[in-house]
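Before any comments, here is the structure.
The values are calculated or read from the model by the stated rules, or taken from the named source; none is laboratory data. A quick note: this is a predicted structure, and the numbers were derived from the prediction, not measured. Quick reminder, even Gly has a Cβ in these numbers, built from the backbone with ideal geometry, and neighbours come from all protein chains shown. All accessible areas refer to the heavy atoms of the entire protein, side chains included, with ligands and DNA or RNA removed. Shrake-Rupley method; radii C 1.70, N 1.55, O 1.52, S 1.80 Å.
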Amino acid sequence: MPKILHNNPQLNKNGELQHLLSIEGLPKSIVNHILDTASSFVGISDREVKKVPLMRGKSVFNLFFENSTRTRTTFEIAAKRLSADVINLNIQASSASKGESLLDTIDNLSAMHADMFVVRHAQSGAPYLIAKHLVETGQSHVHVVNAGDGRHAHPTQGLLDMYTIRHYKKDFTNLRVAIVGDILHSRVARSDIHALTTLGVPEVRAIGPHTLLPGGLAEMGVQTYTNMDEGLKDVDVIIMLRLQNERMSGALLPSAQEYFKSYGLTPERLALAKPDAIVMHPGPMNRGVEIDSAVADGSQAVILPQVTFGIAVRMAVMSILAGGRA
Amino acid sequence: MPKILHNNPQLNKNGELQHLLSIEGLPKSIVNHILDTASSFVGISDREVKKVPLMRGKSVFNLFFENSTRTRTTFEIAAKRLSADVINLNIQASSASKGESLLDTIDNLSAMHADMFVVRHAQSGAPYLIAKHLVETGQSHVHVVNAGDGRHAHPTQGLLDMYTIRHYKKDFTNLRVAIVGDILHSRVARSDIHALTTLGVPEVRAIGPHTLLPGGLAEMGVQTYTNMDEGLKDVDVIIMLRLQNERMSGALLPSAQEYFKSYGLTPERLALAKPDAIVMHPGPMNRGVEIDSAVADGSQAVILPQVTFGIAVRMAVMSILAGGRA
Amino acid sequence: MPKILHNNPQLNKNGELQHLLSIEGLPKSIVNHILDTASSFVGISDREVKKVPLMRGKSVFNLFFENSTRTRTTFEIAAKRLSADVINLNIQASSASKGESLLDTIDNLSAMHADMFVVRHAQSGAPYLIAKHLVETGQSHVHVVNAGDGRHAHPTQGLLDMYTIRHYKKDFTNLRVAIVGDILHSRVARSDIHALTTLGVPEVRAIGPHTLLPGGLAEMGVQTYTNMDEGLKDVDVIIMLRLQNERMSGALLPSAQEYFKSYGLTPERLALAKPDAIVMHPGPMNRGVEIDSAVADGSQAVILPQVTFGIAVRMAVMSILAGGRA
């Protein structure tokens with residue numbers, strides 16, 4: 001997992017959230033503020049009129065240098081429920097192909113009086129680069145939200161996972177949490193580990209084959225297991241990771257069937273965890289690869305509530321950044 | 001033409017419209033209610049401010065598994081004029097390619113508190129499958145509108161065609177209506193036939209080459225003609241169908257020129273119908289293939305009013321489903 | 001540079017702006033009215049709520065037959081800040097591929113009660129053709145804005161360039177303006193030349209290699225220079241043009257490096273102009289090809305203010321056309 005920047009530009013001089021780039025380096029008080037604010041938004045989506053005017057007249061740009069309809073959609077919905085104007089830009093097809101540099105594109109959009117950039121990029125660190133540039137050039141009215149950068153971070157996914165755990169388990173300080181699968185390539189895993197540590201979870205486990213467990217987990221306070229049955233024993237929360245299709249045919253893994261045999265979450269394996277353990281997944285799921293349908297659709301799965309909470313968490317992040325706190 | 005489901009899930013227990021999937025099985029009272037509601041929306045598009053707040057804060061997802069800019073645009077406009085938030089999802093490029101199942105995608109979007117799915121799919125029955133799933137899993141707050149599924153149905157096109165006929169002819173019960181062209185592959189033809197029958201049109205004719213006339217028309221009460229001149233004799237309404245480009249080069253037809261010679265609507269042929277007959281076409285037209293420009297641009301063509309009425313009809317369907325009746 | 005139409009359909013019978021197709025033939029009074037109106041919009045983008053209700057309920061269609069995310073975005077933002085509903089249509093992927101004619105597409109969208117078409121097309125004259133058709137068929141409620149057609153015109157770029165010059169130089173009647181680069185293929189150059197002439201700029205210079213200087217410049221009152229140092233001498237305004245990538249590998253130019261040596265704007269060359277000269281560029285820039293980074297990021301560059309003013313100018317054009325003057 002790459003280190004990005006030692007100077008964390010996501011807080012302003014007063015220690016307030018200026019950009020959301022990574023959960024690493026985010027104070028616990030800010031994480032809790034986001035979760036509390038999200039909580040006030042959860043009810044809004046159930047109302048007849050699901051909109052609040054907190055970002056009326058603000059312009060949110062979804063800058064997706066890497067295609068992800070699902071994530072883009074969650075940000076688009078969150079922004080529209082805050083009454084913002086949303087502009088979707090698929091940058092692959094655009095100026096990038098005309099040879100314009102990333103920062104020239106950013107300066108241009110910023111000159112159109114953008115208020116927020118939601119950035120997805122295949123390159124780790126791209127949102128940092130953008131945030132740093134905005135800070136250095138005095139464009140502090142524009143905020144950056146990292147919507148996933150390379151293998152580095154996916155902070156809103158980490159935050160919605162924390163919201164979900166808090167919703168079902170109330171207290172973080174007595175939990176045993178297992179993250180299962182391709183930890184090595186997962187920005188979700190990285191964001192979750194930082195969030196769980198920040199919030200005081202005493203035991204975080206990473207479960208997966210040797211080839212998909214990165215170095216450095218021990219230094220982050222994470223216990224590693226290559227045997228899934230041992231790793232799941234008595235855990236309160238199981239976070240399954242998506243096995244990327246490209247891994248299945250690669251040299252790191254034998255086959256999808258083999259993987260399921262060793263690391264697929266079946267009802268039998270789930271029974272090893274605590275009886276009230278919850279099962280999470282960032283989606284989209286590969287049924288029959290990392291998770292059995294009986295578990296995915298079972299009573300312990302909270303995968304769809306994660307999606308619902310995800311909208312509220314993104315509304316919270318955006319409204320806090322825009323200064324319109326709930 | 002495939003049969004889809006015997007249990008029609010488009011009505012709720014109280015017999016109210018829950019989903020719009022097909023005109024087949026839709027009670028006449030509901031068809032008339034949609035047309036009456038549309039009538040109240042026709043004037044809105046002429047006003048200075050074309051919006052009504054009936055769907056303010058509602059989220060409409062255009063789920064287009066098959067590309068159709070024109071149809072997507074009509075739904076997008078209709079939803080925006082009702083003040084809904086619209087999210088366009090081109091699913092080919094999205095999760096489908098990540099191997100997620102259709103119903104997992106639906107569950108995910110539904111968990112984002114979608115209010116309505118407008119679904120276009122190359123597979124006949126896909127909107128049924130989605131609606132059935134939503135009903136079975138207790139997600140009855142989400143409504144499905146079929147925007148065209150395979151060769152099966154295109155109910156809003158059928159309804160806007162009925163609106164157009166009613167507008168110009170007032171009474172359905174004394175009409176002779178001819179549908180001309182590739183009946184075999186046309187979901188428009190199928191929807192129109194069901195609608196015309198439901199509304200009491202006494203004589204429906206299908207005109208086309210043997211190879212493009214499906215079996216079963218007689219059972220539906222439709223008279224078939226392979227000779228266009230005979231088929232057009234004394235009709236009140238002519239519904240021309242688009243000849244799909246892929247048919248022109250196929251084995252079913254000789255050539256576009258040959259087709260025009262036998263089934264193209266020319267001024268001479270139009271003269272065989274009643275003097276006040278109207279000419280309809282669902283668009284986009286192939287001028288010189290199924291219709292002569294002199295007819296398309298002539299005084300009997302009501303092809304552009306169809307488009308205008310289409311917006312009102314879609315506003316009616318959406319607002320009725322969302323419970324915000326006009 | 002192609003001549004398009006002798007009958008300029010962009011003014012209605014009362015001499016008011018009906019369509020914005022080209023700066024050629026636009027009276028000075030209308031140019032000034034647009035610039036004055038834009039001036040009232042510049043402040044809006046700085047406000048907390050950046051929206052005004054001038055186009056509430058109006059439907060603006062971005063019809064991009066040629067891809068340009070950047071230009072489309074500026075019009076989308078401008079329309080949304082005027083509270084219009086915006087529909088983005090990428091027509092390559094749509095009906096055009098189904099063989100529908102341009103004017104049939106226009107009639108269809110117009111029948112959906114469009115209020116405005118923002119048209120980008122690779123073919124010179126396409127927006128004229130559309131405007132002419134709308135006028136001839138009595139659809140005078142729909143307005144056309146040319147967002148760039150072939151090599152012909154890009155009038156909103158010309159207008160925002162004039163806004164920028166007026167902002168920094170106040171008076172047009174004592175200026176020396178140089179346009180540098182590929183004049184031959186540039187619709188920006190053409191629009192700028194017409195605007196500068198209309199506004200009374202006494203000296204307009206075109207600088208570039210022989211192969212990229214079109215004939216007819218002298219007749220337009222433009223002085224030509226193939227030596228950049230001579231051309232820049234004592235000018236007040238330098239408008240750099242983007243060198244299209246396709247030119248760099250073509251027969252008209254040796255190489256990007258050679259081009260930069262002869263026509264790249266370096267600090268040394270900039271020093272030949274007046275000390276308070278401003279440097280403009282329509283973007284996206286090719287740093288190191290037509291412009292040195294030291295100049296692009298230097299104190300004389302007004303390239304980002306151009307972008308900001310561009311939003312206000314587009315808001316002005318749209319609101320004037322829609323009849324909702326500020």
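Structure notes:
- Between the amide H of residue B:144 and those of B:20, B:117, distances stay under 5 Å, these residues lying 5 or more places away or on another chain, with hydrogens modeled in the peptide plane.
- Nearest-20 debye value, chain A charge dipole, Cβ charges on Lys, Arg, Asp, Glu: 560
- Rolling a 1.4 Å probe over the protein heavy atoms leaves residue B:76 with an accessible area of roughly 10 Å².
- Dipole of chain B, positive direction: furthest Cα of B:218, B:45, B:307, with charges on the beta-carbon: B:45
- Region C:99-168 shape via C-alpha gyration tensor axes, a/c threshold 1.5: prolate
- For the protein assembly as shown, the share of DSSP beta bridges that are antiparallel, to the nearest 5, is 5%.
- Three-way shape call for the protein assembly as shown based on the alpha-carbon gyration tensor, with the a/c threshold at 1.5: oblate
- These residues, A:33, A:113, go from largest to smallest accessible area, 1.4 Å probe, as A:33, A:113.
- Electrostatic tally near residue C:148: other residues with Cβ closer than 12 Å to its Cβ, Lys and Arg +1, Asp and Glu -1, net +4.
- Calculated from backbone phi, Karplus (6.51, -1.76, 1.60) coupling profile of region B:142-148 in Hz, x at Gly/Pro: 9, 10, 10, 10, 6, 9, x
- Within chain A, helix-based [θ] at 222 nm, where runs of 4 or more DSSP H residues each add -39,500 (n - 2.57), nearest 500: -11000 deg cm²/dmol
- Dipole of the protein assembly as shown, positive end: most advanced residue of C:256, C:288, B:77 [Cβ charges, Cα centre]: B:77
- Karplus-based coupling profile of region B:171-183, in residue order and whole Hz: 10, 7, 7, 10, 9, 10, 10, 10, 10, 10, x, 7, 5, with θ = phi - 60° in 6.51 cos²θ - 1.76 cosθ + 1.60 and x standing for Gly or Pro.
- About its Cα centre, the dipole of the protein assembly as shown is roughly 1400 debye, where the only charges are +1 on Lys and Arg Cβ and -1 on Asp and Glu Cβ.
- Beta bridges assigned by DSSP with both partners in chain A are antiparallel in approximately 5 percent of cases.
- Dipole magnitude for region C:29-172: about 460 debye, using +1 per Lys or Arg Cβ and -1 per Asp or Glu Cβ, origin at the Cα centre.
- Average beta carbon contacts from partner chains per residue of C:287-296, 10 Å cutoff: 1
- When the square roots of the Cα gyration tensor eigenvalues are ordered a ≥ b ≥ c, the ratio a/c for chain B is 1.5 or more and a/b exceeds b/c, which makes its shape prolate.
- Angle in degrees between helix B:69-81 and the longest Cα principal axis of chain B, rounded to the nearest 10: 50
- The other copies place their residue B:215 label points at 7.0, 7.0 nm from this one, listed shortest first, where each point is 7 Å from Cα along Cα→Cβ.
- Counting only alpha carbon atoms, the long axis of helix B:303-321 and the longest principal axis of chain B meet at about 30°.
- Residue-normalised accessible area of region B:155-306, expressed per residue, 1.4 Å probe, Å²: 37
- The heavy atoms of residue C:230 offer some 110 square angstrom of accessible surface to a 1.4 angstrom probe.
- Net charge of the neighbourhood of residue C:295, taken over other residues with C-beta under 14 Å away and scored Lys/Arg +1, Asp/Glu -1, is -3.
- Atom-type composition of the exposed protein surface of the protein assembly as shown places 50 percent of the accessible area on carbon and sulfur (1.4 angstrom probe).
- Proximal lysine pairs, chain C, alpha carbons under 17 Å, eight or more residues apart or interchain: 9
- Relative to the dominant Cα principal axis of chain A, helix A:155-169 is inclined by about 50°.
- Remark: relative contact order (region B:155-306) = 24 percent; criterion is Cα-Cα distance under 8 angstrom and separation of 6 or more residues.
- Region A:294-322 and region A:55-129: distance between their alpha carbon centers, rounded to Å: 22
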